[in-house]
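One structure below.
The values are calculated or read from the model by the stated rules, or taken from the named source; none is laboratory data. All of these numbers come straight from a predicted model, not from anything done at the bench. Backbone-built Cβ (ideal geometry, glycine too); neighbour counts: all protein chains shown.
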Amino acid sequence: MENKEMNSQEQEQTVETAEYSINADESAAGTTHLNEPVQTENEMEKLQEELNEQKDKFIRLYAEFDNFRRRTAKERLELSQTAGKEVISALLDVLDDCERAEKTLPNATDLEQVKAGSQLIFNKFRNTLQSKGLKAMESISKEFDVEKHEAITEVPAPTPEMVGKVIDEVQKGYYLNDKLIRFAKVVVGK
């Protein structure tokens, strides 16, 4: 009988050990489930921090772009207001020469000196403009080109070779740094 009692005691201990083992497993499993929400909350906090950092970077980048846009608009306005400053400054010397010539004209007696002085001023004016990139278009005896010329009228050509070519130039055409800025007004032979 003692054997039976011991067996029942052993069985009870085994059942208690098994129950303890199951409870421990459940407890461990419960702990795992409890940690998951904690990890999710940590992940959410990290994601929220990353989102806030990205928002901050975006706002800063947008502000930099806005400042850049305003600055370039201001610079463009200033540039357009002072675009001709360099040319005007270069032409001031020619203007000074014109004023000096104007003062001497009423008292001038030698026509040849007046002509020579005027020619010097005109040459200085042309040279100044050429130094700034202005170039006169050569049109006479060239083929009429609608991209460069504006036909004022057509006249009978003096020779058969001049048909469709520029016979006379009413107003010169000009290039500025190889870009056409004024069409030549011409007379074309027909």
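What is the one condition in (1) aliphatic (A, V, I, L, M); (2) at pLDDT 85 or above; (3) within 30 Å of N177 (Cβ to Cβ) that L51 does not satisfy?
Here L51 meets the rest and fails (3).
Any residue in the range 114-124 that is surrounded by 13 or more Cβ atoms within 10 Å (Cβ to Cβ) and over 30 Å from L92 (Cβ atoms)?
no
So which of T128, T109, T153 is of a type outside the set (D, E, K, R) and in contact with a helix residue (DSSP H, G or I) (Cβ under 6 Å, 6 or more places away or on another chain)?
None of the others qualify; the one that does is T128.
Which condition from (1) hydrophobic (A, V, I, L, M, F, W, C); (2) exposed (fewer than 10 other Cβ atoms within 10 Å of the Cβ); (3) closer than 26 Å to L129 by Cβ is the one that L111 breaks?
(3) is the only condition that L111 fails.
Among the listed residues K124, K148, K135, K142, which satisfies the condition of being touching a Phe, Trp or Tyr at 6+ places or on another chain (Cβ under 6 Å) and in contact (Cβ under 8 Å) with a residue 12 or more places away in the chain?
None of the other options fit; the residue is K135.
Conditions tested, residue by residue: (1) among the charged types (D, E, K, R); (2) in the same structural domain as L95 (by TED's automatic domain parsing); (3) on the phi > 0 side of the Ramachandran plot; (4) modelled with pLDDT of 90 or more.
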| residue | (1), (2), (3), (4) |
| --- | --- |
| N127 | no, yes, no, yes |
| E150 | yes, no, no, yes |
| P156 | no, no, no, yes |
| P160 | no, no, no, no |
| V170 | no, no, no, yes |
| Y175 | no, no, no, yes |
| K179 | yes, no, no, yes |
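Each row is one residue, and each column tells you yes or no for (1) aromatic (F, W, Y); (2) not in a strand (DSSP E or B).
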| site | (1), (2) |
| --- | --- |
| K103 | no, yes |
| F122 | yes, yes |
| N127 | no, yes |
| E161 | no, yes |
| Y175 | yes, no |
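Do any residues in the range 66-78 that are surrounded by 10 or more Cβ atoms within 10 Å (Cβ to Cβ) have Cβ atoms under 7 Å from those of residues that are at pLDDT 90 or above and of a type in the set (K, R), where the two are at least six apart or on different chains, and which pairs are they?
Between residues of the range 66-78 that are surrounded by 10 or more Cβ atoms within 10 Å (Cβ to Cβ) and residues that are at pLDDT 90 or above and of a type in the set (K, R), there is no close pair.
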